[in-house]
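Chemist: I am attaching a structure below and will ask some questions about it afterwards.
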Amino acid sequence: MTRSKSRSPVRRIALSDRPSEISSQLAKRKDLFYQFKLARSSPVYLSLDGFTGNADLALLNLKRQVVGQSKQAGQASEFISRQLKKGAYLIRVRNRTLSKTRFQLRFSKADPLPNLGGTGLNTGLNTGLSTGLNAGATPITPANLQATDALQSADRLRYSITGATRNGRLLLNGVALTVGSSFTQADVDQGRLLYQNNGIKLLGTASSSLLNGSLVSGFNVLWVGTGGSDGGSDTEVFFYDGSQTYQLTQNNVNERAEGIDGNHLVWSSQIGAANQGMATYELFDYDGSIARQLTRNSVNENFVGVAGNSLFWTSPVGAADSTGRVTSEIFYAGAGQVRQLTSNSVNEDLSDFDGATAVWEAKVGAADASGRPTGEIFYFDGSRVRQLTNNSVSDSAPRISGSRIAWSSKIGGLNLGAATDEIMLYDGSSMTQITQNDIDDFIGDVSSSSIAWIGRSGSLNGLGVKSYEIYRADGRSDGSSIQRLTQNGFDDYVVELSGNNLLWRGLAGAPDSFGQRSYELFFNDGSSTTQLTQNQVDDRPVGLQGNKAVWFSPTGSLSAEGVATREIFYFDGSRVRQLTADAKNDDFPSFSAQTLAWRSTEGAVSQIFSYGLDDQFSYTLSDGSNRVSTPQLFKIQSV
């Protein structure tokens, strides 16, 4: 008698729009079956993972014909998505190993992920990463980056790199990831994804001239250095884009680095007509592919800055003043055109610029009591020049941020018989007098949310005059927002505002053997003040980017001449870090939110070094259904 083969038992399940899960165990080389019915045509999503050996997943009709299957190697998860007609179906879980294994089966009739614009995914947790100068390779963990799916397993959630790191390397199992590479959430969960900071990196040789430090924008660095590919003793222009260094000039004349914004570069080259027997410097504008000569004359331009496609500089080409000296005029380049913004017989020095806008002071106002013309404030709004003040008092030192312009105006109460300076603010439509007193208030800086200045309101200093104190406000005309940040017997000076963050320097250092105090640095985040330095040397700040500050100080070991060498320091918003500690002079730093660069000199040799303050990579996230998220950004901060 012939006996028919017995079939494995079938367990009945119900599919719904919410994912369900079964956890069970399979004997060696065994199958388990689950049956479900569909009352109407519907999509079906099946996922299998959590096994220790190798298990496969199949979708069958009642004739046990395969409708869909997933047969990944090893312990990789299995996933099936199908559009099915009305009827009954089987799910088969098959153990392909010689030992029993546990598994997790998930099933649903609906996609459990939110639909972001039709193709998006819920990219989940992305808190970024903090690493350090000597941290080695730092793991990126699920606490930093985690995508979850109610149906699909972690190895089905794939991150594809669309923008690589610049200041370090992203490593998967020790191999660097580049654009086009990918990793999975399972790689993150199991500690296989690491980030390694490049640390301090040598970029190239530099000029030892005090006029030639490096300039930084984003991940990019611009500088001039001797030698180059022609081996000459003149300086050439070099550019580092975050991954590679390029030599942009090759000639036998000297160049100077003037400005940088992204890959928009400006330098000057000593190819102009002679002035007093020496060739003058001409400006060149480089847009990432082509260098364009901006000036052709016999004078040396004073370049002010570049922002986007807007460039500003001054040039001594104006009519002679009353003493017979040639005056400086202001020039602007934008949209491929060079414009001369001023044309008169007084000196204009551009005080500040923001994007395509700029402000300056010109002594063209009515004469004061001494018979001298007073300073007036001028504003270039990107298309035309506007005169903001027109009076017989001195208006000076304007600063600009967006539509906000602040300056000092000599309209205050009398002090020792002379009018004092007050702080004025123009918000794009109206002017407000911020201070009203009988002490001199001099503008320091303005941001989109704050104004900072110094007021001569402190106690008497060693010279018998009141010291300068630091003030800030948000610009309300009633004076209710004014804060006095210092109250001491030494002078304080504003360095820079960045949003609500303020950096200043004050003569707070302990007196030396001659009774001279040194400058110390202070930081205020809008609510509290931190003293960043405390020594007997002058700390020289570069500026402020958000809550980050950089400076250099003569605190290093003694040089051959017995003078302390200069070192680079960095404040990351919470603590101060010394980046260099050697017998070299490390100075003239420049920095962005992402990169810090400086010149290091030992004897006759100067070099440019960089250190990554922040890094990032961009990615898209996809799942087993081949849905792709919108581009995402993962940020990495060095602390």
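Chemist: Would you say Gly515 is surrounded by fewer than 20 Cβ atoms within 10 Å (Cβ to Cβ) and closer than 27 Å to Ser592 by Cβ?
Modeler: No: the conditions fail for Gly515.
Chemist: Also, I was wondering about something else. Mind checking whether some residue in segment 270-281 is within 21 Å of Asp354 (Cα to Cα) and not in a strand (DSSP E or B)?
Modeler: As a first pass, look at segment 270-281 and keep what is within 21 Å of Asp354 (Cα to Cα): none.
The answer is no; no qualifying residue exists.
Chemist: Which one of the conditions (1) modelled with pLDDT under 90; (2) in contact with an Asp or Glu (Cβ under 6 Å, 6 or more places away or on another chain) does Gln516 fail to meet, given that it meets all the rest?
Modeler: Unmet condition: (2).
Chemist: Scan segment 600-614 residue by residue and report those that are in a loop (DSSP other than H, G, I, E, B) and either within 25 Å of Ile140 (Cα to Cα) or under 27 Å from the mean Cα position of the chain (by Cα) (or both). If you could, list the steps in order and put the result at the bottom.
Modeler: Just the residues of segment 600-614 that are in a loop (DSSP other than H, G, I, E, B), to begin with: 603-604, 613.
Scanning segment 600-614 gives a single hit, Leu613.
Rundown of residues vs (1) aromatic (Phe, Trp, Tyr); (2) open to solvent by 20 Å² or more (accessible area, probe 1.4 Å); (3) touching a Ser or Thr at 6+ places or on another chain (Cβ under 9 Å); (4) free of Cβ contacts under 8 Å to residues at least 12 places away in the same chain, yes/no style:
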site	(1), (2), (3), (4)
Leu157	no, no, yes, no
Ser160	no, yes, yes, no
Arg166	no, yes, yes, no
Leu171	no, no, no, no
Thr184	no, no, no, no
Trp223	yes, no, yes, no
Val237	no, no, yes, no
Val253	no, yes, yes, no
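Chemist: As an exercise: evaluate Ala358 against (1) within 30 Å of Gly428 (Cβ to Cβ); (2) assigned to a loop (DSSP other than H, G, I, E, B) and give the number of the one condition it does not meet.
Modeler: (2)
Chemist: For the structure I just gave you, tell me whether Leu84 is touching a Pro at 6+ places or on another chain (Cβ under 9 Å) and at pLDDT 95 or above.
Modeler: Yes: the conditions hold for Leu84.
Chemist: While we're on this one: Only one of (1) surrounded by 15 or more Cβ atoms within 10 Å (Cβ to Cβ); (2) assigned to a strand (DSSP E or B) fails for Gly53. Which number is that?
Modeler: Failed condition: (2).
Chemist: Within segment 167-203, track down each residue that is part of a loop (DSSP other than H, G, I, E, B) and not polar (S, T, N, Q).
Modeler: Matches in segment 167-203: Gly174, Leu177, Val179, Gly180, Gly191, Arg192, Gly199, Ile200.
Chemist: Among the residues of segment 615-634 satisfying the criterion of being in contact with a Gly (Cβ under 7 Å, 6 or more places away or on another chain) and part of a strand (DSSP E or B), which is surrounded by the most Cβ atoms within 10 Å (Cβ to Cβ)?
Modeler: For segment 615-634, the residue satisfying everything is Asp615.
Chemist: Tell me, please, whether a residue that is surrounded by fewer than 19 Cβ atoms within 10 Å (Cβ to Cβ), within 19 Å of Ala154 (Cβ to Cβ) and without any contact (Cβ under 8 Å) to a residue 12 or more places away in the chain can be found in segment 99-115.
Modeler: Yes, because at least one residue in segment 99-115 is surrounded by fewer than 19 Cβ atoms within 10 Å (Cβ to Cβ), within 19 Å of Ala154 (Cβ to Cβ) and without any contact (Cβ under 8 Å) to a residue 12 or more places away in the chain.
Chemist: With the structure loaded, tell me whether Ser370 is open to solvent by 60 Å² or more (accessible area, probe 1.4 Å) and either over 28 Å from Tyr286 (Cβ atoms) or of a type in the set (D, E, K, R) (or both) or whether it fails that test. Outline the logic, then answer.
Modeler: Numbers: open to solvent by 60 Å² or more (accessible area, probe 1.4 Å): yes; either over 28 Å from Tyr286 (Cβ atoms) or of a type in the set (D, E, K, R) (or both): yes.
Taking the combined requirement at face value, the residue satisfies it.
Chemist: Looking at Ser527, is it of a type outside the set (A, V, I, L, M) and either within 22 Å of Trp598 (Cβ to Cβ) or open to solvent by less than 30 Å² (accessible area, probe 1.4 Å) (or both)?
Modeler: no
Chemist: Still on this structure: Just to confirm my filter: which strands (runs of 3 or more DSSP E) fall fully inside segment 418-502 and include at least 3 residues that are over 26 Å from the mean Cα position of the chain (by Cα) and surrounded by fewer than 18 Cβ atoms within 10 Å (Cβ to Cβ)?
Modeler: Working: elements: 422-426, 431-433, 441-446, 451-460, 466-473, 492-498.
Output list reads 431-433, 451-460.
Chemist: Report yes if Thr205 is free of Cβ contacts under 8 Å to residues at least 60 places away in the same chain and either open to solvent by less than 40 Å² (accessible area, probe 1.4 Å) or closer than 24 Å to Gly612 by Cα (or both), otherwise no.
Modeler: The answer is no for Thr205.
Chemist: Specify which of the listed residues (Ala406, Ala358, Ala362) is open to solvent by less than 20 Å² (accessible area, probe 1.4 Å) and without any contact (Cβ under 8 Å) to a residue 24 or more places away in the chain.
Modeler: Only one candidate qualifies: Ala362.
Chemist: Let me ask something additional. Any residue in segment 39-57 that's among the β-branched types (Val, Ile, Thr): show its pairings with residues that are open to solvent by 40 Å² or more (accessible area, probe 1.4 Å) at Cβ separation under 8 Å, as long as the two are six or more apart or on different chains.
Modeler: So the pair list comes out as Val44/Ser81; Val44/Arg82; Val44/Gln83; Val44/Lys109; Thr52/Gln75; Thr52/Ser99; Thr52/Arg102.
Chemist: Only one residue in Gln35, Gln25 is open to solvent by less than 100 Å² (accessible area, probe 1.4 Å), polar (S, T, N, Q), at pLDDT 95 or above and assigned to a strand (DSSP E or B). Which one? Don't jump to the end; show me each part of the working.
Modeler: Numbers: Gln25 fails: at pLDDT 95 or above.
Answer to the selection: Gln35.
The values are calculated or read from the model by the stated rules, or taken from the named source; none is laboratory data. Note that the coordinates shown come from a computational prediction; the quantities given were computed from them, not determined experimentally. Here Cβ is always computed from backbone atoms with ideal geometry, including for glycine, and neighbour counts include all displayed protein chains. We work out accessible area using only protein heavy atoms, side chains counted, and drop any ligands, DNA or RNA first. Shrake-Rupley method; radii C 1.70, N 1.55, O 1.52, S 1.80 Å.
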